[in-house]
Amino acid sequence: MPEPHNDFIFAIIAEELGFIGAGFVILLFFLFVWRGILISVYAPDLFARLLAVGIVSMIMIQVMINISVVIGLIPVTGITLPFLSYGGSSLTLTLCSVGILINISKYKL
């Protein structure tokens, strides 16, 4: 098995928690995307909408690529799994992006 803290953390989660645990992690990512889309729909202006969609798209593409690498659909790319993989700059950028998304969500029309 790969190192438990690197880009292959989804394989460790699937091994330790089984199908239900891996499915739960995927469900949490889809709930994050759904909430991000709702934030973008209710954003006060066009720039905030586009920014919210961009942030959600960036995180979802990282999730899709990482899980595809782990299950062997595409070659290893080195993209981390957001919020879970060990990586200082990737985690920092992801958390800053989520902070911007939360800031967009607090403004109402």
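Read the figures in this text as sums done on the coordinates, not as results from a lab. These numbers were taken from a predicted model, which means no experiment stands behind them. Glycine also receives a Cβ, built like all others from the backbone with ideal geometry; neighbour counts cover every protein chain displayed.
Projecting label points 7 angstrom from Cα along Cα→Cβ for S89 and L46 puts them 3.4 nm apart. The share of C-alpha pairs in the chain whose separation exceeds 21 Å stands at 39 percent. Taking only complete DSSP H runs, can you tell me which helices of the chain stretch 30 Å or more along their own long axis by Cα positions and average at least 0.0 on the Kyte-Doolittle scale? Membrane-span-like by this criterion, though nothing is claimed about a membrane: 9-41, 46-70. Taken along the Cα-to-beta-carbon direction at a fixed 7 Å, the label points for L31 and I102 span 1.7 nm. In terms of its C-alpha gyration tensor, segment 34-85 has a prolate overall shape, because the principal axis ratio a/c (a ≥ b ≥ c, square roots of the eigenvalues) is not below 1.5 and a/b outweighs b/c.
Helices in the chain, meaning DSSP H runs of at least 4 residues, each add -39500 (n - 2.57). Divided by all residues, the mean residue ellipticity at 222 nm is -24500 deg cm²/dmol. Remark: spin-label model distance T77-I20 equals 3.2 nm, labels positioned 7 Å along the Cα→Cβ axis.
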